[in-house]
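Worksheet for the structure shown next.
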Amino acid sequence: MSILCVGSVALDSVETPFGNADRVIGGSAVYFAAAATVFNPVQMVGVIGDDYPVDDLDFLSDRGADLAGIERASGDSFFWAGRYHYDLNTRDTLDTQLGVFADFEPKIPEQFRDARFVFLGNIDPALQHDVLDQVASPEVVACDTMNFWIEGARELLIELLGRVRILMVNDEEVRQLADEANLLKAARWVQEQGPEIVVVKKGEHGAILFGEDWIFYVPGYPLEEVFDPTGAGDSFAGGFMGHLARSGEVTPATLRRAMVYGSALGSFACERFSVERLKDLDTNDVLERVEEFRRLTAFETHLTAEQHV
Ligand code: AMP
């Protein structure tokens with residue numbers, strides 16, 4: 001079942017302690033689609049300027065992404081520049097240029113309008129609303145955002161939460177959004193605004209899912225070499241939604257597995273700059289990593305009382 005996804009289609013300049021990448025393809029929609037299409041077709045909505053290397057998106061169409069919703073406008077593409085600190089867990093945004101996204105009015109192609117699964121990638125909340133307005137009856141709407149929008153478009157964002165079933169953000173973002181330092185309380189605050197599920201990503205430390213009355217935790221995959229964490233969050237979302245859409249239902253069991261697929265895809269994204277590692281991924285690579293997650297976290301519980309002490 002196809003997932004409709006809207007988000008930034010960007011050019012990124014990234015500095016890490018291990019090297020630099022200059023104006024490489026990125027953006028929330030691109031990372032999401034690169035991860036989700038390992039399992040599932042994706043319908044993409046976004047805008048690129050006339051400086052965008054369109055051919056670099058061919059691997060997405062080859063893998064089942066429908067790019068009919070990617071508009072080409074005259075002007076510069078969305079541009080983001082960031083620099084990572086030594087531990088790669090923290091980064092500074094050096095520049096954000098909205099470019100053609102500033103005047104973007106999403107027009108959802110007719111054939112995308114009956115989508116059941118929708119991912120509203122990190123982008124202006126006004127555009128996230130616009131997209132939802134054009135989808136007939138979405139059943140599973142997940143949404144991401146970031147500090148840029150929490151600060152700049154707070155009211156629209158909170159209004160959007162009322163239309164969303166799953167919010168996926170990082171720990172810093174959920175604290176900022178809820179104005180609450182405690183993660184559990186912050187997640188509960190978000191749930192009061194609408195979403196039934198809140199997924200809080202914690203970089204290399206994994207992610208926590210807060211359901212109505214249950215919580216599930218998945219670790220980050222212990223990678224020997226983390227090269228560039230850009231897009232790990234969007235790739236997590238791609239793996240997560242890819243699994244949900246493929247299974248066709250949202251239950252505690254599919255959500256738990258989706259967390260593991262999300263963490264697996266997020267880890268692959270960190271292994272190279274841009275989408276390089278995601279490009280050559282296949283289902284087997286993912287299944288192997290998912291199996292490693294099982295080994296990483298499995299333990300025996302059927303001990304006798306004597307064995308416990
Ligand atoms: P992540 O590392 O998962 O948070 O995602 C990084 C991606 O988000 C980069 O490829 C950027 O192009 C994109 N990005 C950064 N800032 C913004 C923003 N304000 N709106 C939309 N996309 C953004």
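The values are calculated or read from the model by the stated rules, or taken from the named source; none is laboratory data. Everything numeric in this text was worked out from a predicted model, so none of it was measured. Glycine gets a Cβ as well: all are built from the backbone with ideal geometry, and neighbour counts include every protein chain shown. What goes into the accessible areas is simple: the full protein's heavy atoms, side chains included, and nothing from ligands, DNA or RNA. Shrake-Rupley method; radii C 1.70, N 1.55, O 1.52, S 1.80 Å.
With contacts taken as Cα pairs under 8 Å and at least 6 residues apart, the stretch 175-309 reaches a relative contact order of 18 percent. For the modelled label position 7 Å from the Cα of GLU276 along Cα-to-Cβ, which residues of the stretch 26-53 have backbone nitrogen atoms closer than 16 Å? Residues passing the 16 Å test: 26. Relative to the Cα centre, what is the charge dipole magnitude of the chain, using +1 at the beta carbon of each Lys and Arg, -1 at the beta carbon of each Asp and Glu, and rounding to the nearest 20 debye? So the magnitude is around 760 debye. Measuring nothing but protein heavy atoms, the accessible surface of the chain at 1.4 Å probe radius is 47 percent carbon and sulfur. Checking the a/c ratio against 1.5 first, then a/b against b/c, what shape does the Cα gyration tensor give for the stretch 128-268? Rounded, because the longest to shortest axis ratio a/c is under 1.5. Phi angles of the stretch 34-44 translate, via the Karplus equation with coefficients 6.51, -1.76, 1.60 and θ = phi - 60°, into HN-Hα couplings of 4, 7, 5, 6, 5, 10, 8, x, 10, 10, 9 Hz per residue; Gly and Pro are given as x.
Spatially, the stretch 225-304 and the stretch 134-186 are offset by 22 Å when compared through their Cα centroids. Comparing LEU255, LEU94, LEU177 in a Gaussian network model of the chain where C-alpha atoms under 10 Å apart are linked, the largest mean-square fluctuation is found at LEU94. Listed by chain and number, the lysines whose C-alpha is less than 18 Å from the C-alpha of LYS202, apart from same-chain residues fewer than 8 away, are LYS185.
Computed from the Cβ-Cβ distance with R0 of 35 Å, the FRET efficiency linking GLU110 to ASN284 stands at 0.45. Averaging the Cα positions of each part gives two centres, and for the stretch 19-39 and the stretch 92-129 these lie 15 Å apart. The order of the peptides 64-70, 226-232 by mean Cβ neighbours within 10 Å, most packed first, is 226-232, 64-70. A simple spin-label model places pseudo-atoms 7 Å from Cα toward Cβ; at LEU156 and ASP103 they are separated by 1.7 nm. Each label point was placed 7 Å from the Cα along the Cα-to-Cβ direction; for ASP133 and ARG165 their separation is 2.3 nm. Rounded to the nearest 0.05, what FRET efficiency do ASN89 and GLU291 have when you use their Cβ-Cβ distance and R0 = 30 Å? After rounding, the FRET efficiency stands at 0.70.
Could you calculate the FRET efficiency of ASP51 with PHE18 from 1/(1 + (r/R0)^6), where r is the beta carbon distance between them and R0 is 22 Å, rounded to 0.05? Once rounded, the FRET efficiency stands at 0.25. Note on the stretch 3-308: Rg/Rh from C-alpha atoms, Kirkwood Rh, equals 0.96.
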